[in-house]
Amino acid sequence: MPLLSSGSNHRFYGRTPPALFLWTATLASLVNVSLASPAVAQSAGAPTSDANGLNQPSDSGRLEEIVVSAQRRLENQQNVPLAITAISAGDLARNGTSGTQDLGQAVPGLVINTVVAAGAPFLRGVGSDQIEPASEPSVATYVDGVYIASPQANLFSFNNIDRIEVLKGPQGTLFGRNASGGVIQVITRDPSDDLHTDVSLGYANYADVTASAYVTGGVTKTLNGDLAFLFENQGRGWGHDLTTHTQNEQLALDNFAVRSKWLWTPGESTRIRMSIDYAKSAAHNQWQFAPPVPDPVGDRYPGPFNSWGALPDTQRVKTGGIAAQIDQDLSAIRIVNIVSYRFTDALYSKDAGMSVPIFHLYEKGKQHDISEELQFQSKGNSRFRWIAGLYYLNNLAGYPQEDIVIGNPVTVTPPVSPPHAYISTQSYAGFGQGTVNVLPKLDLVVGGRYSFDKDSARWPNPGPGDEHTFTKFTYRVALDYHFADDTLGYVSANRGFKSGGFNPLLRDNEYLPEILTSYAAGIKSEFLEHRLRLNAEGYLYHYQDIQVLIPTFTGNLIANATAARMKGLEATLDAEPIRNLRVSAAFALENGEYLDYPGVQTITQQGAVLAPFNAKRKNTLQTPRATENLMASYRFQTSVGTFAAAVSAYHNAGYAFTTDNLLNQPAYTTLNAALTWAAPDEQFDIRFWGKNLTNAIVYQGRFAVSGFGWVQTQAAPTTYGVTFSAHLH
């Protein structure tokens, strides 16, 4: 296993080699198999969806049942008293959602921006734009039940995906690493026993080439495997660097990802999944200074997507891991064990975006973690359904090498290298949740989690390290009532928290955990013989000790805002008014403002720092007052094959990037469209697509940096292309 045997990885981690821990824990879990009674049938998997969207809308003329694992067991989404947006692989293809960075246009209330190759998801105004290797997100990402701790690892393209589930509100009970804002679950396809291959090749403007392959089949009667591969390369950038005459906004430089998953069913009551993945990505993504004021050396605004960077600008990320999940059915309960090891290596060579080489940042960040989760679940659909378990995470992150050079790096010696700490986090948690049927149509849900987090900081230069611990009890209480067979109403109270930590730039400088308490009421309903589905939720958030990013000349600091309040209303509607026509609409109305936040410093467009003020009543970051999306797809069959047309529109009312609300994302509307033709036997198809056809101006990120001013990077302009796919059985 070359991914696990690197000596440098083990030296960096400084503890039990991750491979040894993983396999030891896996073998320990397998003891459950040998001691188990051969009782009942295996747990059912969620239905898989087609990758190109041709098999939907359904042939029955009714909306398909959506099965989710939001409560760590498979359930009909309409029976879960929680706001969830679930997107199948077919819906992802029709909406033009090719990676996590596109999810915001498909999920009401979700905004995902990019900060130096790190993902920054905000859900209902709750999120984090921190990029330090040890900075965990407020909206947690999971892939097949495994937590993705690194902010650099939660930006990825989709391949072999079964579905995406976005859980809204604090998830402080059932998910391994407490999440104050919500959870994004990515569920990949399980390997099949039938030999099947999907291959696709695409080409788009800006010389963008994509290729993917997925093959699955049975190896023995009890063992199935698969292999997924993805390649992306953007030959031309959306803009240029006017100083070095090189490409800018070139976001895929020979990127590739590979993933293999194995499913072993040694008996009717046992399922063992093993997976291994690796991905490498690189990009040129230069900052530019916001208009209309020239940058600090007098450069005029270079135009959309362009920059004046004088020095090379590259971001490279390598990430991967290995995981095992054992599902064991006993006579009365089910045992689930998930164990994983993951790593992320990131390198940034970042210029300030000016024609004079005043500033250059070169840093390498590393992150490794091991996690173990053991669950015990009730079986069947009795009056009392429960889940209980234990969770452990050991995460180490830091900078093995960092050089910050002020001035021309060729002539200025020695480089300025502020010390950065390695941050070690050990988290232990015990959790449980029960659902009891108190009346024929009334259920009560009660859950809780106790978390113990221990953080340690070690600096490379002489001097003591630092250490602190955080403990917190979080909970969920909900009541849901079935007014009719297809109508569920619910109310809930939830609390989640995100642990505190250390600023790696400064000794004796820590930030506190943030805590979010949510109150929600919602309804889930279906009408017209399952042709119309309407779900809605209203919520009120109390947000305390909010962790915020403060960009500085030599790095980023994390501090705490005192308190904020968010409130909003969301609704989604799915309809199949006639056979083969699917229409979906959604909106989210949000309002977030700081109740108290003293000591905020405004940074002017020229980089000057003004006197501190209290940001009370200022809008919270990345909280658009309204977002709406509309999607329609229609499929029709002819003698020469099947045609499927889809169009989706998204509107965002705009939001603030800075606490003083001076640097914003203006309102914008995007339009995506696709037309797919499939051969009569559906073994081949061609898809013509376009994204952001309105050529809307959308920013990946905008920052006010002391000593510099306002800097920004832009998201993609209009893109269009063609994808050819083959499906071989």
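Looking at the square roots a ≥ b ≥ c of the eigenvalues of the Cα gyration tensor of the chain, which shape do they give, rounded for a/c under 1.5, prolate if a/b is larger than b/c, or oblate? Here the chain falls in the rounded category.
A straight line joining the Cα centroids of region 608-626 and region 519-586 runs 21 Å.
Overall, the anisotropy analysis places region 117-244 in the oblate class: the square-rooted eigenvalues a ≥ b ≥ c of its C-alpha gyration tensor yield a/c not less than 1.5, with a/b not exceeding b/c.
The gain in end-to-end length when the A645 to L595 segment is fully stretched comes to 13.3 nm, 0.36 nm per residue minus the alpha carbon separation. Histogrammed with a bin width of 10 Å, the alpha carbon distances of region 267-399 distribute as 11, 24, 19, 16, 13, 11, 5, 0 percent, first bin at zero.
Net charge within 13 Å of A352 by Cβ-Cβ distance, Lys/Arg positive one each and Asp/Glu negative one each, not counting A352 itself?
Around A352, the charge tally is -4.
Each Cα pair of region 232-298 feeds into the Kirkwood radius, which the Stokes-Einstein equation turns, at 20 °C and 1.002 mPa s, into a diffusion coefficient of 134 µm²/s. Full extension of the chain between D254 and N437 yields a length gain of 60.5 nm, computed as 0.36 nm times the residue separation minus the alpha carbon distance. Suppose R0 equals 60 Å; then what is the FRET efficiency for I333 and H196 from their Cβ-Cβ distance, rounded to the nearest 0.05? According to the calculation, E is roughly 0.95. Taking all C-alpha pairs of region 492-614, those more than 18 Å from each other amount to 68 percent.
The Cβ shell under 13 Å around G237 holds other residues with a net charge of -3, Lys and Arg each +1, Asp and Glu each -1. For region 160-251, the dipole from Cβ point charges (+1 on Lys and Arg, -1 on Asp and Glu) about the Cα centre works out to 300 debye, to the nearest 20.
When the Cα gyration tensor is reduced to axis lengths a ≥ b ≥ c, the ratio a/c is 1.5 or higher for region 580-628, and with a/b not above b/c it is classed as oblate. Remark: region 73-84, residue by residue, has Karplus-estimated 3J(HN,Hα) of 9, 7, 9, 5, 3, 6, 9, 9, x, 7, 6, 9 Hz, where x stands for each Gly or Pro and the curve is 6.51 cos²θ - 1.76 cosθ + 1.60 at θ = phi - 60°.
Once the Cα-Cα distance is subtracted from the 0.36 nm per residue extended length, the V67 to H245 segment shows a gain of 59.0 nm. Net charge dipole, the chain: roughly 840 debye, given to the nearest 20, about the Cα centre with Cβ charges of +1 for Lys and Arg and -1 for Asp and Glu.
Label sites at V356 and A632, each approximated as a point 7 angstrom past Cα along Cα to Cβ, lie 5.6 nm apart.
Ordering Q288, F688, N652 by the projection of their Cα atoms onto the charge dipole of the chain, which places +1 on the Cβ of Lys and Arg and -1 on the Cβ of Asp and Glu, puts N652 at the extreme positive end.
Look at where the Cα atoms of region 129-184 and of region 246-306 average out, and the two centres are 16 Å apart.
Readers should treat all values here as calculations from the given coordinates under stated rules, not as data from a laboratory. Everything quoted here is computed from the prediction, not taken from an experiment. Quick reminder, even Gly has a Cβ in these numbers, built from the backbone with ideal geometry, and neighbours come from all protein chains shown.
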